[in-house]
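Remarks on the structure that follows.
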Amino acid sequence: MQPAPAVDVLIVSLGSTQGLRTADEQLRDALQRAGARVAIARALAPAQMPTLMLTDLAWARAARAAAKSALAGLQRSLPRAIIYSSTTASLLWPRAGAIRFDAPSAGNRPGRHGLWQRPLERRRLSQAPLLLPLSEGGLSEVPAAARRGARALVLPAPVEPSGPPQPTRDIAAITYAGNPSKKGLDRVLEAWRQLLAERRSYGPPSAPSEELVVAGVSAQELQRSGYLARGDEGVRVVGALDQKDYRALLRRARVFVCAPRREDYGSAQLEALADGCLLVSTPAPGPYAALPIARALDPRLVSEDLASALRAALEDPPADYPARARQALAPFSSAAVDRLVADELLPRLLA
């Protein structure tokens with residue numbers, strides 16, 4: 001039997017969402033472009049659990065099993081470094097490593113939802129040789145004791161346009177609602193209905209293209225949970241799409257609208273900006289990386305009054321918004337992240 005090839009970096013991928021899986025693959029590719037030999041250990045998705053505490057436990061056990069299996073396969077030449085993708089992946093680690101995360105349980109698992117996770121997470125964050133938050137906001141939620149010294153490197157997930165812009169943007173607005181409650185889909189739908197009602201009252205009927213596209217969740221699920229009624233006017237639900245088809249819709253949409261109750265990073269919003277959408281959002285709590293960008297681009301579009309912000313985006317859009325958005329996203333470009341990985345991350349991982 002041939003010995004397993006040497007590996008410099010092992011990424012333990014929780015992969016509980018498509019966004020996390022994509023981010024882990026992007027990190028692997030960036031490390032490889034920097035000259036490292038990289039392997040990914042992927043956790044197998046556990047059965048659905050009734051509470052967040054049990055869900056995190058099941059995923060932590062799955063990540064531990066994936067890490068142990070990968071390390072056993074590499075036992076003749078153990079990796080020089082391990083990166084755990086999320087704090088949950090690190091909770092039951094078999095070997096210490098760097099932790100990459102959007103937000104810690106200290107921020108997104110309040111009260112009973114994080115009773116066992118928070119104390120163990122504090123220990124892991126203190127033990128990790130390197131912390132890799134996706135944003136400064138995510139790092140700010142880490143306990144101060146775990147942020148001592150130069151133990152952290154902010155490492156955003158790269159975002160690029162998914163293709164050439166469409167000559168005509170025939171979708172008025174789009175939203176992503178993979179977790180409808182957390183994403184505030186009820187507030188988005190309420191604002192959209194209010195906007196359509198106002199338009200009917202002061203002018204001609206909306207054009208056929210004036211619709212809100214809802215991605216990431218099925219119409220049946222939204223009807224069962226009461227978010228949507230059959231035949232809801234001006235709303236089209238497209239369900240869960242692969243990344244290519246979803247990004248193609250972004251390139252056709254004029255506005256991306258969201259009202260998250262908390263945002264741990266906001267990959268969907270950054271992708272929407274990269275694909276030329278105006279970003280309309282409520283000022284959600286959490287390390288919401290796209291929020292300061294959206295405020296700087298057009299403060300009218302960040303508001304608790306979501307219907308008014310939508311109206312401004314659709315009826316009075318700034319002509320230079322997409323160009324300024326591209327400039328604001330420069331730190332999130334693949335080239336910028338590649339430089340960060342090659343110049344700072346890899347040397348620190350292998351030191």
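The values are calculated or read from the model by the stated rules, or taken from the named source; none is laboratory data. Note that the coordinates shown come from a computational prediction; the quantities given were computed from them, not determined experimentally. Cβ coordinates were reconstructed from backbone atoms using ideal geometry, including for glycine residues, and neighbour counts include every protein chain displayed.
Observations
- Scan of segment 311-351 for residues that are part of a loop (DSSP other than H, G, I, E, B), of a type in the set (A, V, I, L, M, F, W, C) and touching a helix residue (DSSP H, G or I) at 6+ places or on another chain (Cβ under 8 Å), ordered by number: LEU329
One line per residue, one yes/no per condition, for (1) surrounded by 16 or more Cβ atoms within 10 Å (Cβ to Cβ); (2) among the basic types (Lys, Arg); (3) touching a strand residue (DSSP E or B) at 6+ places or on another chain (Cβ under 7 Å); (4) part of a loop (DSSP other than H, G, I, E, B):
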residue	(1), (2), (3), (4)
PRO129	no, no, yes, yes
LEU139	yes, no, yes, no
GLY149	no, no, no, yes
PRO161	yes, no, no, yes
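- Single unsatisfied condition, ALA60 versus (1) in contact (Cβ under 8 Å) with a residue 24 or more places away in the chain; (2) part of a helix (DSSP H, G or I); (3) touching a strand residue (DSSP E or B) at 6+ places or on another chain (Cβ under 9 Å): (3)
- Yes/no for VAL255 being β-branched (Val, Ile, Thr), more than 14 Å from ILE171 (Cα to Cα), touching a helix residue (DSSP H, G or I) at 6+ places or on another chain (Cβ under 6 Å) and not in a helix (DSSP H, G or I): no
- Meets criteria (among the aliphatic types (A, V, I, L, M) and more than 21 Å from the chain's Cα centre (by Cα)) for ALA351: yes
- All positions within segment 8-44 that are at pLDDT below 95 and part of a loop (DSSP other than H, G, I, E, B): LEU14, GLY15, SER16, THR17
- Qualifying residues in segment 314-340 (those that are without any contact (Cβ under 8 Å) to a residue 12 or more places away in the chain and farther than 22 Å from LEU301 by Cα) - the one surrounded by the fewest Cβ atoms within 10 Å (Cβ to Cβ): ALA335
- When ASP316, ASP298, ASP305 are checked against the criterion of being touching a Phe, Trp or Tyr at 6+ places or on another chain (Cβ under 8 Å), in the same structural domain as GLU263 (by TED's automatic domain parsing), modelled with pLDDT of 95 or more and charged (D, E, K, R), ASP298 stands alone in meeting it.
- Residues located in segment 215-250, provided they are assigned to a helix (DSSP H, G or I), within 20 Å of the chain's Cα centre (by Cα), surrounded by 13 or more Cβ atoms within 10 Å (Cβ to Cβ) and not basic (Lys, Arg): GLN243, TYR246, ALA248, LEU249, LEU250
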